Amino acid sequence: MIKSLNNLQSAFSLVRIYVIMITVMCAVVSVGSVWWSLDFAERQREKVYVLDGGASLVMALQQDVNQNRPAEARAHVKLFHEYFFTISPDKNTIEQRIGQALSLAGKEAYDQYQNLKENGFYDRVIAAGINCEIQTDSVVVNTAVYPFKALYYGKTAIVRSSNITYRNLETECELVSCARSDQNPHGFMIEKWRVIDNSDITVVKR
């Protein structure tokens, strides 16, 4: 009788151990599933999707969009300078390119444009048939501190019928984030923009 009770007690103990083990395993699986689901959802929020002909969703980017900001900042600064300093002797073209440049920058760029316009710079360009071209050497952006500080290094060429004047071009500015648009695809606005150096390098006769 005592032996039977001992066997029954051992069986209950074994069943209790199995139940505890199964419960612990279920808890681990449940916690793991919840953690994996939350991690998956977070990773999905870092992806960008586009419509493929309105029929399906195609993943466009898998990395965090913030990883692209330094490259976008450099491209924004370069694009602004190309719009602002590439000038042809045509009034409509000048106004169009300046308008594109001013959609990327703030008050300082507008003031610079107004000064050039009031001093007759664009009128002289049109009258003399001058073309102004720009070549970018480098753009340095410090993204460690916001607003981002940027330095632009390049050269301009003022092309006349008799000669070409090459000038150094160095500018500095700050970049602040703004809403993206067709006119401002990088989502930046240039502030505190100023020309540091625009000295002549050489004059080449044509």
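Here the calculated FRET efficiency for Asp39 and Asp137, from their Cβ-Cβ distance with R0 = 41 Å, stands at 0.40, rounded to the nearest 0.05.
The charge dipole of segment 147-206, taken about the Cα centre with unit charges on the Cβ atoms of Lys, Arg (+1) and Asp, Glu (-1), comes to about 340 debye, rounded to the nearest 20. Among Cys178, Leu151, Ala127, whose Cα projects farthest towards the positive end of the dipole of segment 114-192, with charges put on the beta-carbon of Lys, Arg (+1) and Asp, Glu (-1)? So the residue furthest toward the plus end is Ala127. Divided by 2.2 N^0.38 Å, where N counts the residues, the Cα radius of gyration of segment 136-206 comes to 1.42.
Extending 7 Å from the Cα toward the beta-carbon at both Thr86 and Lys155 defines two label points whose distance is 1.8 nm.
Computed with a 1.4 Å probe over protein heavy atoms only, the accessible surface of segment 68-187 comes to 52 Å² per residue. Residue by residue, segment 92-102 carries 3J(HN,Hα) couplings of 5, 5, 4, 5, 5, 5, 5, x, 5, 5, 6 Hz when phi is fed to the Karplus relation 6.51 cos²θ - 1.76 cosθ + 1.60 (θ = phi - 60°); x denotes Gly or Pro. Relative contact order of segment 84-206: 24 percent, from C-alpha pairs under 8 Å at least 6 residues apart in sequence. Protein heavy-atom surface of segment 58-206, 1.4 angstrom probe: 48% of the accessible area is carbon and sulfur, with nucleic acids and ligands not counted.
In sequence order, segment 27-35 has phi-based couplings of 5, 4, 4, 5, 5, x, 5, 5, 4 Hz under the Karplus curve 6.51 cos²θ - 1.76 cosθ + 1.60, θ = phi - 60°, and Gly or Pro positions carry x.
The values are calculated or read from the model by the stated rules, or taken from the named source; none is laboratory data. Please read these numbers as outputs of a predicted model, since none were measured by experiment. Counting neighbours? That spans all protein chains shown, and the Cβs are built from the backbone with ideal geometry, glycine included. In case anyone asks, the SASA skips ligands and DNA or RNA and just uses the protein heavy atoms, side chains included. Shrake-Rupley method; radii C 1.70, N 1.55, O 1.52, S 1.80 Å.
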